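Structure, as structure tokens:
The values are calculated or read from the model by the stated rules, or taken from the named source; none is laboratory data. Just so it is clear, the structure is predicted and the values come from calculations on it, not from any experiment. Glycine also receives a Cβ, built like all others from the backbone with ideal geometry; neighbour counts cover every protein chain displayed. Only protein heavy atoms, including side chains, enter the accessible area calculation; ligands, DNA and RNA are left aside. Shrake-Rupley method; radii C 1.70, N 1.55, O 1.52, S 1.80 Å.
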Amino acid sequence: MPLRDTAPKLSPEQYEKNFAEISPAMTARQAVTEAARCLYCFDAPCTIACPTHIDVPAFIKKISTGNLRGSAREILSANILGHSCGRVCPTEVLCEGACVMHEKGEAPIEIGRLQRYAVDHVLADNLQLFHPGAPNGKRGACIGSGPASLACAAELAKFGYDVSVYDRNEQPGGLNTYGIAAYKSRATDSVREADLVKALGVKFCQKMEVGRDISFAQLEKSFDAIFIGVGLGETWALNLPGEDLHGVYGAIEFIERTKVQAFHEVEVGRRVACIGAGNTAIDVVTAARRLGAEAVYLIYRRGEPEMPAFAYEYELAKRDGVSFLWQTQPVRVLGEKGVVTGLECVRTQLGLPDAKGRRNPAPVPGTEFRLDVDMVVRAVGQKPTTDFLKAIKGVEINSDGTVKINDRHQTGHSKYFAGGDCANGGKEVVDAVADGMAAARGMDAWLGSPRATGR
Ligand SMILES: Cc1cc2nc3c(=O)[nH]c(=O)nc-3n(C[C@H](O)[C@H](O)[C@H](O)COP(=O)(O)OP(=O)(O)OC[C@H]3O[C@@H](n4cnc5c(N)ncnc54)[C@H](O)[C@@H]3O)c2cc1C
Ligand code: SF4
């Protein structure tokens, strides 16, 4: 069934222009000049701020001496997804946010772009920097092939484990492939990066859903340790009247289309409303505008100061001409003949801050109004994968639906370890990588570190 009205189609050149990389690759000259600005701090705050603790001064120094292979090795040994992270990390609040240049009133070193520059060299020339460890006779499985599992699998392979990854998607990479805004990274970039993990001998079993195509019992029988890296589930529903109308999408579902379909094939309304104000909502509204939607509204029940999206993401949406409806909440989705025709909203008033300092909104009677839209996107967070986790006997679940783990990322069932979004509740790619690596070390320690004892 078609939408009531769709955005006009753009030329192929216009789509490519709209989704061009917001942080393009550096030239050799730019990279060397930028690397030369680094002060090579002792106890570098950027390294401390990076969840994977990449030795930033060391890799930048190697760029400045022309040793790109050594630089990439420095990055990828700490973070096998260093290429993606160079493109998608919120560097403003991580490494670059901690750069001492801020104290001097100067622009921070462009760590993300330098990182990408070094790893581009490895990917472009198909260089093999790492090798699987000597086989230790143990087998590890990873459920999911998102950043957390890829990092866990790579680390285990380097320790000498025989590793298999199971994912229900066609392509590896998880949200890195299917979720991250196309102007930051394309699906092909993420899939190419998974090849670095394949090169370590890790076996990928795509289109295999654990719990359906292969049972937990089968995994437990075949593997010594199992990593759960299943991420989060679908977008929460709003439970509004009219939410089942055609033209109401979950944010993940809509964004995935922009990653797996050609841009001209992605159906988008002429007028779009997006509910929510986190980073995912920004990805929705910027994608809708770049696909040609003429009017895009971001609807948030609190005010601008309470917006959860990072400031630079908000700036992107402002630059794209999105309209922000603060202190506004949806009441019902309106439709005709089963298709979205509008969204009824009401203004809100914010109360006093609660214990967490959040001001709770209350609808103001009589302020209802109607927005004329053809598509409504829910961007109010992803559900936890509670049903999946509950199916594993012994695995405990926290009150927020995340999986309960100890210091070495081990769950209540000693054979299962976990990390990434399903354990941290939803953070960034770099956090998932850090979790996956920590879990691999936890698994290895639990199994008696067979590579160290020679068992
Ligand atoms: C729209 C969006 C935009 C984002 N943008 C950014 C960004 O710009 N920068 C950034 O750093 N982070 C971003 N993130 C966050 C980042 O993508 C996640 O933190 C990260 O991907 C989490 O990795 P993960 O491995 O834990 O889970 P995921 O990436 O979600 O991977 C989980 C994998 O598990 C698989 N799976 C689930 N259940 C099963 C099963 N039963 N059997 C087999 N496989 C299964 C799934 O198919 C999936 O491939 C974004 C997230 C979203 C939703
Ligand atoms: S992985 Fe991300 S946070 Fe860490 S140094 Fe690289 S760009 Fe910065």
Can you pull out every residue in the stretch 263-305 that is over 24 Å from R332 (Cβ atoms) and touching a residue at least 24 places away in the same chain (Cβ under 8 Å)?
F263, H264, V266, N279, I282, D283, T286, A287, R289, R290, L291, G292
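For A151, state whether it is out of contact with any strand residue (DSSP E or B) (no Cβ under 9 Å at 6 or more places or on another chain), under 24 Å from R69 (Cα atoms), within 12 Å of ligand 1 (Cβ to nearest atom) and open to solvent by less than 20 Å² (accessible area, probe 1.4 Å).
Judged against the criteria, A151 is a match.
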Just one of (1) in contact with a helix residue (DSSP H, G or I) (Cβ under 8 Å, 6 or more places away or on another chain); (2) surrounded by fewer than 24 Cβ atoms within 10 Å (Cβ to Cβ); (3) of a type outside the set (G, A, S) trips up H409, so point out which.
(2)
Before we move on, is E234 within 16 Å of ligand 1 (Cβ to nearest atom), out of contact with any Cys (no Cβ under 8 Å at 6 or more places or on another chain) and not aromatic (F, W, Y)?
yes
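Within the stretch 154-175, is there a residue that is basic (K, R) and within 22 Å of W446 (Cβ to Cβ)?
The answer is yes; a qualifying residue exists.
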Restricting the stretch 423-437 to residues that are small (G, A, S) and buried (at least 22 other Cβ atoms within 10 Å of the Cβ), which is nearest to ligand 2 (Cβ to nearest atom)?
A434
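On the basis of being open to solvent by less than 50 Å² (accessible area, probe 1.4 Å), more than 16 Å from ligand 1 (Cβ to nearest atom), part of a loop (DSSP other than H, G, I, E, B) and in contact (Cβ under 8 Å) with a residue 24 or more places away in the chain, does M1 make the cut?
Spelling it out, it is not the case that M1 is open to solvent by less than 50 Å² (accessible area, probe 1.4 Å), more than 16 Å from ligand 1 (Cβ to nearest atom), part of a loop (DSSP other than H, G, I, E, B) and in contact (Cβ under 8 Å) with a residue 24 or more places away in the chain.
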For the stretch 446-453, check the following and say yes or no: at least one residue is over 23 Å from I214 (Cβ atoms), in a helix (DSSP H, G or I) and within 16 Å of ligand 2 (Cβ to nearest atom).
no
Residue ID - farthest from ligand 2 (Cβ to nearest atom), chosen from residues in the stretch 114-125 that are outside any loop (DSSP other than H, G, I, E, B) and open to solvent by 50 Å² or more (accessible area, probe 1.4 Å):
A124
Quick check: anything in the stretch 126-144 in a loop (DSSP other than H, G, I, E, B) and surrounded by 24 or more Cβ atoms within 10 Å (Cβ to Cβ)?
yes
I need the full set of residues from the stretch 76-99 which are within 17 Å of A25 (Cα to Cα) and either away from ligand 1 (no atom under 14 Å from the Cβ) or polar (S, T, N, Q) (or both), in order please.
S84, T91
So which of I392, I397 ends up being away from ligand 2 (no atom under 16 Å from the Cβ), open to solvent by 20 Å² or more (accessible area, probe 1.4 Å), touching a helix residue (DSSP H, G or I) at 6+ places or on another chain (Cβ under 6 Å) and β-branched (V, I, T)?
I397
Check whether at least one residue in the stretch 96-110 is under 15 Å from the mean Cα position of the chain (by Cα), hydrophobic (A, V, I, L, M, F, W, C) and near ligand 2 (Cβ under 10 Å from one of its atoms), and report yes or no.
no
I'd like to check something: does the stretch 372-382 contain any residue that is more than 30 Å from V266 (Cα to Cα) and not small (G, A, S)?
no
I'd like the residue in the stretch 46-59 that is crowded, with 16+ Cβ neighbours inside 10 Å and more than 10 Å from ligand 2 (Cβ to nearest atom) and, out of all such residues, is nearest to A153 (Cα to Cα).
A58
Identity of the residue in the stretch 184-205, near ligand 1 (Cβ under 10 Å from one of its atoms) and surrounded by fewer than 24 Cβ atoms within 10 Å (Cβ to Cβ), that ends up modelled with the highest pLDDT:
C205
Which members of the stretch 154-180 meet the condition of being over 20 Å from H83 (Cβ atoms) and open to solvent by 10 Å² or more (accessible area, probe 1.4 Å)?
F159, Y161, D162, Y166, R168, E170
Evaluate the following for Y300: is it among the aromatic types (F, W, Y) and either on the phi > 0 side of the Ramachandran plot or in contact with an Asp or Glu (Cβ under 7 Å, 6 or more places away or on another chain) (or both)?
no
Selection from the stretch 70-79 of residues farther than 8 Å from I54 by Cβ and within 11 Å of ligand 2 (Cβ to nearest atom) yields L76
Taking the stretch 64-75 and keeping residues open to solvent by less than 10 Å² (accessible area, probe 1.4 Å) and more than 16 Å from ligand 1 (Cβ to nearest atom) leaves S71, A72
Going through the stretch 15-31 one residue at a time, which ones are in a helix (DSSP H, G or I) and open to solvent by 70 Å² or more (accessible area, probe 1.4 Å)?
E16, K17, R29, Q30
